[in-house]
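Coordinate-derived values only; no laboratory data. Predicted model only: the values in this text are computed from it and were never measured. Here Cβ is always computed from backbone atoms with ideal geometry, including for glycine, and neighbour counts include all displayed protein chains.
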């Protein structure tokens, strides 16, 4: 062998050894979104487009926490005595070589990340049988850099509950931290107006910034007009002491009522909050004010921060800036997803950005310092006729010119679709009898209005994932219309899914399906897309999933079924996503959307996966347990995938 070949050979071996050593370094997943600013991105690089097809199940963990429910889909909202199936939508975290996750019943498990073996379990004893919806998206982690590593509660797992509590548990043992609140917990229902068990709960992992825990809460915002406050609050992570609260009312308006409680009916923050430690900002995605589908009583007061990205000063809770994505939102187009913090290069200039996807399928890219759009946004006129008596409308709505929308914005009879001429004709007749039009068409009284995009999206809480190096955003999109109708109060029976008590109307909602049970708009009904955040262009958009388990063969081969969940991306250019109703976990190539691997699970994975390296091996973990939107049964499968071979 000549010297040149020897040097090349030695270099190749050294590179391989170096690559393996780097791959063997532990890589965790310290927060729900992968980091404090979301993104669902991992630097773990052992899995590549070349070897991902070899993935196999490494281990499974089952908690036993699931229920089948008494109704599914929109019928799950049809009465107080109805219970939806459990939703196992959690994304685990991995910290200090331990995997932590929460179940739909809010039990918290600590597992060995290489085997799935239980290290401990804590049960907060939530009366989940009283809850309409049962889910938990995740837990959070905080490490005390002032304490010895083996001290009690030097590492704290911060866990939310459906009944409005936040727990602090010792990361090593699962025991409640005795110095936190009362016996290791704080009660966020204190300071709220009177409410029932189903009306207030925490379903998303609290944010952590310095020594603060920051949390909003989920409220059933179509039950009544005076639903509990949407206040966002911060607490001391060591003691549980209250630091500050922000109730989304306009500047100069009191956040509390005459009894000292937080003013009711304000917009809530149910999704995941992001934090920027460098700027000392807490960035929240707000919902729309109660109730969802009528706002004649708001007079601009309760709308001020509705459906907005809001940046708060982490020391005081004061608003630093805000940007509203929907004016006077009466369509439930609230912001469902965690604001993603990423640095972008746009027209040659570097920007610290906030990327916010929406139920409308539009993406807003904002300057993190000011909240100003980094791509042009137009205020366009929107429909002004047909509003319910007593309602008022915003004359314009914001439309970003870039990135391009990932969903069609509106619907007409020409959009009718069917497997056959028969069902296509039926769908067209239905649309011709409805109130159709572009996005932001008002909801009619006693006449159905199709929302397309709908209240489930466009995008929802699982999206997006962002590759910060490639400047690529990956988002899954729903393309299923929903039909809404307002009913005058004196005609309401009490069985409508959205009673909206205190307003002049209750509301009903159902998916727009043909007599064959398929959506009345053309497929694909679920897609996955890559968007270049530097240019705002869509790189590709492909169908996500098939109609397996939803239709008869050969229709099962049709691509792009209903879905709910979200993606992750890896440094090697892999996208992992379950979400689809055909029960598959998949890997895609970020460069072109090519499907590289798929595995069928026992039920749907309506969650967001995560990935980490432990013991020299990269794992991808996903919760497969269904959702009230899923046609498959609920379950409790936490599934880990890895390449074959020993650690």
239, 220 arranged by Cβ crowding within 10 Å, fewest neighbours leading
239, 220
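Using only alpha-carbon positions, what ratio does the radius of gyration of region 335-404 give when scaled by 2.2 N^0.38 Å? Spell out each step's value before the answer.
Details: Rg = 15.0 Å, N = 70, 2.2 N^0.38 = 11.1 Å.
Against the empirical 2.2 N^0.38 Å value, I get 1.35 for region 335-404.
For residue 384 and residue 62 in the same chain, what is the full-extension length gain: residue separation times 0.36 nm, less their Cα-Cα distance, in nm? Working shown, then result.
Working: separation 322, 0.36 × 322 = 115.92 nm, distance 5.16 nm.
Full extension of this stretch gives 110.8 nm more.
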For region 559-647, what does the convex hull of the Cα positions come to per residue, in cubic angstrom?
96
In whole angstrom, largest first, the equivalent ellipsoid semi-axes that the Cα gyration tensor gives for region 173-279 are 24, 17, 14
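Hey, what did region 458-539 get for relative contact order, percent, Cα under 8 Å, at least 6 apart? Spell out each step's value before the answer.
On the way: 130 pairs, mean separation 26.4, N = 82.
RCO, region 458-539: 32 percent.
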If I model a spin label as a point 7 Å beyond the Cα along the Cα-Cβ vector, how far apart are those points for residue 190 and residue 25 in nm?
4.4
Taking r as the C-beta separation of residue 495 and residue 48 and R0 as 51 Å, the FRET efficiency to the nearest 0.05 is 0.45
Projected label distance in nm at residue 444 and residue 522, using a 7 Å step from Cα toward the beta-carbon:
2.5
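Run the numbers on region 529-603 and let me know its relative contact order in percent, using alpha-carbon pairs under 8 Å that are six or more apart.
On the way: 145 pairs, mean separation 17.1, N = 75.
In percent, rounded to a whole number, it is 23.
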Expressed in angstrom, Rg and Dmax over the Cα atoms of region 493-643 are 18.1, 61
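Using the Cα gyration tensor of region 405-564, with a ≥ b ≥ c the square roots of its eigenvalues, what is the shape: rounded (a/c below 1.5), prolate (a/b larger than b/c) or oblate (neither)? The partial results should precede the final answer.
Values: a/c = 2.09, a/b = 1.40, b/c = 1.49.
Note, shape of region 405-564 comes out oblate.
Under the Kirkwood approximation applied to all pairs of distinct alpha-carbon atoms, what is the hydrodynamic radius of region 134-228 in Å? Mind showing how you got there, number by number?
Numbers: mean 1/r = 0.0704 Å⁻¹.
With all distinct Cα pairs of region 134-228 included, I get 14.2 Å.
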Test of understanding: what is the full-extension gain from residue 255 to residue 129, defined as 0.36 nm times their sequence separation minus their Cα-Cα distance?
42.1 nm
Remind me, what semi-axes does region 252-307 give for its equivalent ellipsoid, largest first in whole Å, using sqrt of 5 times each Cα gyration tensor eigenvalue?
24, 16, 10
Projected onto their principal axes, the Cα atoms of region 234-347 stretch, largest extent first, over whole-Å spans of 43, 40, 23
Along the principal axes of its C-alpha atoms, what lengths does region 55-189 span, in descending order and rounded to whole Å?
52, 44, 17
Specify the inter-centroid distance of region 265-338 and region 341-416, based on alpha-carbon positions, in whole Å.
15
Between residue 515 and residue 600, what is the spin-label point distance in nm, taking each point 7 Å from the Cα along the Cα→C-beta axis?
3.1
Report, in cubic angstrom per residue, the convex hull volume of the C-alpha atoms of the chain.
164
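Assuming a viscosity of 1.002 mPa s and a temperature of 20 °C, what translational diffusion coefficient in µm² per second does Stokes-Einstein assign to region 118-187, Rh being the Kirkwood radius over Cα pairs? Walk me through the numbers before you get to the answer.
Working: Rh = 12.9 Å.
Stokes-Einstein gives a translational diffusion coefficient of 167 µm²/s.
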Hull volume in cubic angstrom per residue (convex hull over the Cα atoms of region 421-496)
156
Scoring the chain by relative contact order with C-alpha pairs under 8 Å, at least six apart, yields a percentage of 15
